[in-house]
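The values are calculated or read from the model by the stated rules, or taken from the named source; none is laboratory data. Keep in mind it's a predicted model, so treat the numbers as computed, not measured. Glycine gets a Cβ as well: all are built from the backbone with ideal geometry, and neighbour counts include every protein chain shown.
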């Protein structure tokens, strides 16, 4: 009995020390980022390096939060990411429903196209994309950004939602149909509410992609009224010098919404992924 | 809500009496559900791809008003360019190293986080720490690692203090080091998504499989090989292919850390294409390069579609 | 289990609201308002480099004088401005007035994106004799430099004194000697810093070719063809190589950008750098106690001729596709007017593009006065201005130089290769 207990203790020590080592790998760079956000710019390359310096202050945060233009970047990121999340879910639910509940000609082909769209390199699209967005009158607008982000978030969302809906028994929607309801009613009355954990997983994921997107957000906007947080951070890099502390402060502020989203939904997020990933 | 659902039923929907929809309308229903998706993908994905393919067969597109058909000249030019070939090699190394490391780290971390030996609070705290790199946008990741890996930066300082290196290493600017440095940064930035997906998959493995194995007197490693891995296989395969694809898209990280240098040692297909377009204004050759990159990723996509079907 | 109707409504409501926001935002406004006022879009990177609010003041003065014209500033950093202008030019959405770097002019003009200002000057009856310079292509002006920034040598006095160098170097030999002494004086400091990143290859212009120009040399022949295999260019590259061999260049050169250069100097990690005068304020802000001064760039030993001073400009151009060329030129001539130009150069720490404008040194750093004297003793030199695909030229040169510095090729081979690359671009 004692040997079993001892082995458990050894195993536990092993796992915990493994976790600590991995945690240092993951966390130390972030800790350094956090520490830099409280320094003043001259102290960033201080030798020897220090975590907390004499110049410790909240100045960088004050500078970001006191600047209307920077706050506008946050507002834009929220508008775009929230709209992308909602619209992606909406469109992906419809598509996932079609893939999960119907058989129709070209189903496999359309599915393969949607899946392989994920593989299209953004760099391929950048060259013609600008002209296209201008021609559609979407240059420097929220809608242009939202639709573009959706092209990249939709495929994965559709795959996940289809997989999730496949785990739900057909008897569910058919009970509605027997009562005289349509497929549409069944989808929104029964399937969507049942699929909430899966939808949350997809939603969190979509929000993160949109919140962090950089290449198109840079190419498709030209005024500060439309730019998002990643571009705002890049603007702080300036031409001539890095505003290290402000860049780091803005990164910290920019990561908080994503962190909160993850903290708040982490159980459901992982649960939703589980159901989608380990499809029966 | 329990998810003990058995196999998806394949029973056809029974005809509902009192509803006289024409069969044609009924056949169109699934297309109706798909129409927003298809519209979006056609306009914002298929159209630009067709445009870029069109550009790749012309000469001096975009910068000159009247460009002419050029056949495969642009393709010949790209495929015989030694920097394109070295970009191809670098990309292959970069994506395979990154994906392998993402898989190993992701699996190791996920298994530790799923360990039954630990309490819920401990796991929750570590889960948050481990997810941190995922929360930062790539511009920030590039900047923070430039700061850390600067020749006068904190990483060199720590390594020197520990006596592991004698002189500061030029992580990003030594041609023999740079590719490994950017791969390392990409590994740091990318493992959490792997980890989370594998963690989710691990939690979906029915506990009785392990119990049965434990009854048979197997040890930890045997259970890992005979229960865990086979159960995770579909997830691992599709994640690995997806990761190869996503990593090959990586542009911003390279551009903001090394810009493809030094001596082209970190030049990737994406940075090569970008330079052709936005610094040499050779939009036609850039388009040809973009199409070649597209074709290469389509090979990966083929495997991805297949792995999705298998699931 | 069933979704309550209200919740469904709320979801749909939220989606509709989000879509509406997006659509309303999507409806752009026409640039000529119903009351006849014209809105000019002005894309530049200048606003970002001036003290907050200063540029707006100058713009507001203009709109106060011209109530029928509104100016909408599109500010971005230098590199993003370039990419946006490029894509804007390709899709005919170039802003009405654009900030230009001399190195971009050739490409934009050939593309037909920026308009011939000579004609606009004639139409407006503008007297161009006050303009210090105009950037021309085939005899037509496409860009007017508004403010010029010179690139002198910055030296950290404390590091120099510590190393036992009592005189700021004026020749290449003295520079090498000083750099060696600084690097040898203990601590982590190095003598010089050379940013050679190939993503942003302007180090070739600012930190390498500047040595050539300072000794009166040229990288082009008299008729504008590349001349990289000349003795002058060779001695310049060999000088850089000798600095590298002596180990006096700060590590990390091959992926270093301009920002890193300024930072290393500000932090006392390097003793000397070649940099824009505009950075004096920035350095003083980050490191108020840094003891530094500016000097003319060292020339070849025994050189007595007039020295070329590397410079960069905030140039201005007008879109070819704008419908408001006359209004756009009115704005340009406002920026070039004696009073405004002097004011702008003073706040930007640059030298005016209008010959009659005198920068006001009374409130500025004494270092500016020193630099103005250096400027007036030499001639402004930047041979990349007006060249086609200049960034690409810099990149291919940087790549060859990287090979030299890593010992992978000889100076002669590298220059022959660079000459070949350049010849295929400059016809």
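Quick notes on this structure:
- Scanning segment C:366-391 for residues that are touching a residue at least 40 places away in the same chain (Cβ under 8 Å) and under 19 Å from residue C:281 (Cα atoms) yields C:367, C:368, C:370, C:371, C:374, C:375.
- Residues being closer than 14 Å to residue B:146 by Cα and more than 9 Å from chain B (Cβ to nearest Cβ) - total across segment C:238-257: 0
- Residue list for segment C:196-232, filter: more than 27 Å from residue C:138 (Cα to Cα) and in a helix (DSSP H, G or I): C:203, C:207, C:208, C:211, C:214, C:231, C:232
- If only residues of segment A:130-144 that are assigned to a helix (DSSP H, G or I) and either modelled with pLDDT under 85 or more than 10 Å from chain B (Cβ to nearest Cβ) (or both) are counted, the one that is farthest from residue B:45 (Cα to Cα) is A:142.
- Being part of a helix (DSSP H, G or I) and either under 29 Å from residue B:246 (Cβ atoms) or at pLDDT 85 or above (or both) is a property that holds for residue A:187.
- Scan of segment A:100-121 for residues that are outside any helix (DSSP H, G or I), out of contact with any helix residue (DSSP H, G or I) (no Cβ under 6 Å at 6 or more places or on another chain) and either in contact (Cβ under 8 Å) with a residue 12 or more places away in the chain or more than 7 Å from chain B (Cβ to nearest Cβ) (or both), ordered by number: A:103, A:105, A:106
- Subset of segment C:83-94 that is more than 7 Å from every other protein chain (Cβ to nearest Cβ) and surrounded by 21 or more Cβ atoms within 10 Å (Cβ to Cβ) - its residue that is modelled with the highest pLDDT: C:94
- Contacts under 7 angstrom Cβ, first residue in segment A:159-187 being more than 9 Å from every other protein chain (Cβ to nearest Cβ) and within 30 Å of residue B:306 (Cα to Cα), partner at pLDDT below 85 and in a loop (DSSP other than H, G, I, E, B), 6 or more apart: none
- Any hit, segment C:55-68, residues being more than 9 Å from chain A (Cβ to nearest Cβ), touching a strand residue (DSSP E or B) at 6+ places or on another chain (Cβ under 7 Å) and either in a loop (DSSP other than H, G, I, E, B) or more than 19 Å from residue C:340 (Cβ to Cβ) (or both): yes
- Inside segment B:273-307, residues that are more than 8 Å from chain A (Cβ to nearest Cβ), closer than 14 Å to residue B:55 by Cβ and assigned to a helix (DSSP H, G or I) make up a count of 6.
- Check on residue C:257, surrounded by fewer than 20 Cβ atoms within 10 Å (Cβ to Cβ), touching a residue at least 24 places away in the same chain (Cβ under 8 Å) and closer than 30 Å to residue B:266 by Cβ: no
- Lone unmet requirement of (1) touching a strand residue (DSSP E or B) at 6+ places or on another chain (Cβ under 8 Å); (2) in the same structural domain as residue C:75 (by TED's automatic domain parsing) for residue C:326: (1)
- Some residue of segment C:149-157 being surrounded by fewer than 20 Cβ atoms within 10 Å (Cβ to Cβ) and on the phi < 0 side of the Ramachandran plot: yes
- Verdict on residue A:93 being assigned to a helix (DSSP H, G or I), under 30 Å from residue A:197 (Cα atoms) and without any contact (Cβ under 8 Å) to a residue 12 or more places away in the chain: no
- Condition check for residue A:124: more than 9 Å from chain B (Cβ to nearest Cβ) and either assigned to a helix (DSSP H, G or I) or closer than 30 Å to residue C:83 by Cα (or both): no
- The test for being in a helix (DSSP H, G or I) and either out of contact with any helix residue (DSSP H, G or I) (no Cβ under 7 Å at 6 or more places or on another chain) or not assigned by TED's automatic domain parsing to the domain that holds residue C:56 (or both) does not hold for residue C:87.
- Residue ID - nearest to the chain's Cα centre (by Cα), chosen from residues in segment B:67-119 that are closer than 22 Å to residue B:272 by Cα, more than 14 Å from every other protein chain (Cβ to nearest Cβ) and without any contact (Cβ under 8 Å) to a residue 24 or more places away in the chain: B:92
- Number of positions in segment A:224-241 that are outside any helix (DSSP H, G or I) and either at pLDDT below 80 or more than 18 Å from residue A:148 (Cβ to Cβ) (or both): 6
- Residues located in segment A:242-259, provided they are modelled with pLDDT of 80 or more and more than 10 Å from chain B (Cβ to nearest Cβ): A:245, A:246, A:249, A:253
- The lone exception for residue A:82 - which of (1) touching a residue at least 24 places away in the same chain (Cβ under 8 Å); (2) more than 8 Å from every other protein chain (Cβ to nearest Cβ) it fails: (2)
- Residue B:200 being under 25 Å from the mean Cα position of the chain (by Cα) and part of a helix (DSSP H, G or I): yes
- Segment A:188-203: number of residues that are more than 30 Å from residue B:28 (Cβ to Cβ) and within 10 Å of chain B (Cβ to nearest Cβ): 2
- Pick from segment C:90-113, criterion outside any strand (DSSP E or B) and under 16 Å from the mean Cα position of the chain (by Cα), ranking: farthest from residue A:70 (Cα to Cα): C:106
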